[in-house]
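To start, the structure itself, in structure tokens.
The values are calculated or read from the model by the stated rules, or taken from the named source; none is laboratory data. Not measured: the values here are computed from a predicted model. Positions of Cβ are backbone-derived with ideal geometry, glycine not excepted, and every protein chain shown enters the neighbour counts.
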Amino acid sequence: MKRVDERDTMSARAQYKKGSEDYADYYSRNPEKKAIDDSIRQRPNLCSEGTNTYNPLNSPMASCAFEFLEDIRHLSEGKVNPEKVQGNKNIITKRIKGLARKYGAKLVGITELKDYHFYTHRGRLEDFCSLCKNCAFTCPSESISNEPEKESNGHLNWIIEQETCYIRWRQYGTDCGICISSCPFSQQMESIKAVDTFKDNEAVIATVLGEFRKKYGTRPFVPGNPDWLR
Ligand code: SF4
Ligand code: SF4
């Protein structure tokens, strides 16, 4: 698979400031993206006044999390150690949780990566998505293609228009995620966990989609902020 150049992601592009070295470098190589990116950057930023979800108390808390990551970024920079170190998962878990609590986290959870966490696993793209398309139907900005898959980054895939998607984020003031919450794979469904492969298995796909729609309708309803933020 071709590696993703993170300078092309919308979250990186949104940060390029006019007059900076990054700005000059990026748009000299991608002049076709300059006009749309300039217009996006003029919109209120995520977590800022002027967005749909702005709250003078809660929004700065989210911004702080991003600023904190920026502040500690230097700790993860530098050369990669060529020597492989065998980690002890109990010690690593304890340290990660301890660090998160030191910086103020109240709830910290770490889970083992399971097969059903993988986004493109078990024949899902090949067969499941063709019959489902929940994400494409529920996307408020129609950014997810409802057309047949196209070659993208070395794989057959459905194309997502990252510009129109991100414009919606800047309108909401937060990440949207409607596509993710409307995906059966994000809902811990028992009928998915029990299946080894969806490839050539239309009957099982229909069962999963039936269970999802019975349980959630078009998509799960997410009623505003979690209790601890109200
Ligand atoms: S995050 Fe929202 S706007 Fe973006 S692709 Fe998903 S549903 Fe569409
Ligand atoms: S909602 Fe999930 S399973 Fe359905 S088409 Fe989109 S990515 Fe595929």
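When the residues of region 37-64 are narrowed to those that are within 24 Å of residue 163 (Cα to Cα) and outside any loop (DSSP other than H, G, I, E, B), which ends up modelled with the lowest pLDDT? Step through it out loud before you land on a result.
Residues of region 37-64 that are within 24 Å of residue 163 (Cα to Cα), as a first pass: 37-54, 59, 62-63.
Add one more test, that the residue is outside any loop (DSSP other than H, G, I, E, B), and what stays is 37-41, 59, 62-63.
Details: 37: 98, 38: 97, 39: 97, 40: 97, 41: 97, 59: 92, 62: 88, 63: 91.
The qualifying residue modelled with the lowest pLDDT is 62.
Being touching a residue at least 40 places away in the same chain (Cβ under 8 Å) and within 9 Å of ligand 2 (Cβ to nearest atom) is the filter here, so list the residues in region 137-154 that pass it. Give the steps one after another, and end with the answer.
Here is the first cut: in region 137-154, the residues touching a residue at least 40 places away in the same chain (Cβ under 8 Å) are 137-139, 153-154.
Listed by number, the residues that qualify are 137, 138.
Restricting attention to region 184-195, does a residue exist that is farther than 30 Å from residue 54 by Cβ, away from ligand 2 (no atom under 14 Å from the Cβ), touching a residue at least 60 places away in the same chain (Cβ under 8 Å) and touching a helix residue (DSSP H, G or I) at 6+ places or on another chain (Cβ under 6 Å)?
Within region 184-195, the subset farther than 30 Å from residue 54 by Cβ is 184-185, 188-195.
With away from ligand 2 (no atom under 14 Å from the Cβ) added as a condition, the list becomes 190, 193-194.
With the extra rule that they be touching a residue at least 60 places away in the same chain (Cβ under 8 Å), the set shrinks to 193.
If we keep only those that are touching a helix residue (DSSP H, G or I) at 6+ places or on another chain (Cβ under 6 Å) too, we end up with 193.
Yes; the residues of region 184-195 include at least one that is farther than 30 Å from residue 54 by Cβ, away from ligand 2 (no atom under 14 Å from the Cβ), touching a residue at least 60 places away in the same chain (Cβ under 8 Å) and touching a helix residue (DSSP H, G or I) at 6+ places or on another chain (Cβ under 6 Å).
Across region 127-136, which residue is surrounded by the fewest Cβ atoms within 10 Å (Cβ to Cβ) among those that are within 7 Å of ligand 2 (Cβ to nearest atom) and among the hydrophobic types (A, V, I, L, M, F, W, C)? Don't jump to the end; show me each part of the working.
Start the filter on region 127-136 by keeping residues that are within 7 Å of ligand 2 (Cβ to nearest atom), which leaves 128-129, 132-136.
Subsequent filtering for residues that are among the hydrophobic types (A, V, I, L, M, F, W, C) retains 128-129, 132, 135-136.
Values: 128: 27, 129: 21, 132: 20, 135: 21, 136: 18.
Residue satisfying both the conditions and the ranking: 136.
Kindly indicate whether any position in region 91-99 is at pLDDT 85 or above, hydroxyl-bearing (Ser, Thr, Tyr) and within 16 Å of ligand 1 (Cβ to nearest atom). Explain how you work it out, then say what you get.
In the first step, residues of region 91-99 are kept if they are at pLDDT 85 or above; the result is 91-99.
Now restrict to residues that are hydroxyl-bearing (Ser, Thr, Tyr): 93.
Applying the additional criterion that residues be within 16 Å of ligand 1 (Cβ to nearest atom) yields none.
Checked against the condition, which is being at pLDDT 85 or above, hydroxyl-bearing (Ser, Thr, Tyr) and within 16 Å of ligand 1 (Cβ to nearest atom), region 91-99 yields no hits at all.
Any residue at all in region 199-221 that's modelled with pLDDT under 85, among the small types (Gly, Ala, Ser) and within 26 Å of residue 139 (Cβ to Cβ)?
There is no residue in region 199-221 that is modelled with pLDDT under 85, among the small types (Gly, Ala, Ser) and within 26 Å of residue 139 (Cβ to Cβ).
Inspect region 111-130 for any residue being within 16 Å of ligand 1 (Cβ to nearest atom), assigned to a loop (DSSP other than H, G, I, E, B), within 24 Å of residue 226 (Cβ to Cβ) and at pLDDT 75 or above and give the result as yes or no.
No, every residue in region 111-130 fails to be within 16 Å of ligand 1 (Cβ to nearest atom), assigned to a loop (DSSP other than H, G, I, E, B), within 24 Å of residue 226 (Cβ to Cβ) and at pLDDT 75 or above.
Quick one: how many residues across region 197-223 are surrounded by 14 or more Cβ atoms within 10 Å (Cβ to Cβ), part of a loop (DSSP other than H, G, I, E, B) and without any contact (Cβ under 8 Å) to a residue 24 or more places away in the chain?
Number satisfying all stated conditions: 0.
Would you check if there is a residue in region 23-36 being assigned to a loop (DSSP other than H, G, I, E, B), under 21 Å from the mean Cα position of the chain (by Cα) and polar (S, T, N, Q)?
no
Scanning region 178-196 for residues that are surrounded by 14 or more Cβ atoms within 10 Å (Cβ to Cβ) and more than 26 Å from residue 224 (Cα to Cα), which turns out nearest to ligand 1 (Cβ to nearest atom)?
Top of the filtered list is 192.
For the subset of region 155-183 comprising residues that are assigned to a helix (DSSP H, G or I) and within 16 Å of ligand 2 (Cβ to nearest atom), which member is farthest from residue 9 (Cα to Cα)?
Here is the first cut: in region 155-183, the residues assigned to a helix (DSSP H, G or I) are 162-172, 178-181.
Still in the list and also within 16 Å of ligand 2 (Cβ to nearest atom): 162, 165, 178-181.
Working: 162: 8, 165: 12, 178: 19, 179: 18, 180: 18, 181: 21 Å.
Per the stated criteria, the residue is 181.
Across region 1-31, what is the total count of residues that are loosely packed, with under 13 Cβ neighbours inside 10 Å, at pLDDT 95 or above and of a type in the set (A, V, I, L, M)?
Adding up the residues that qualify gives 1.
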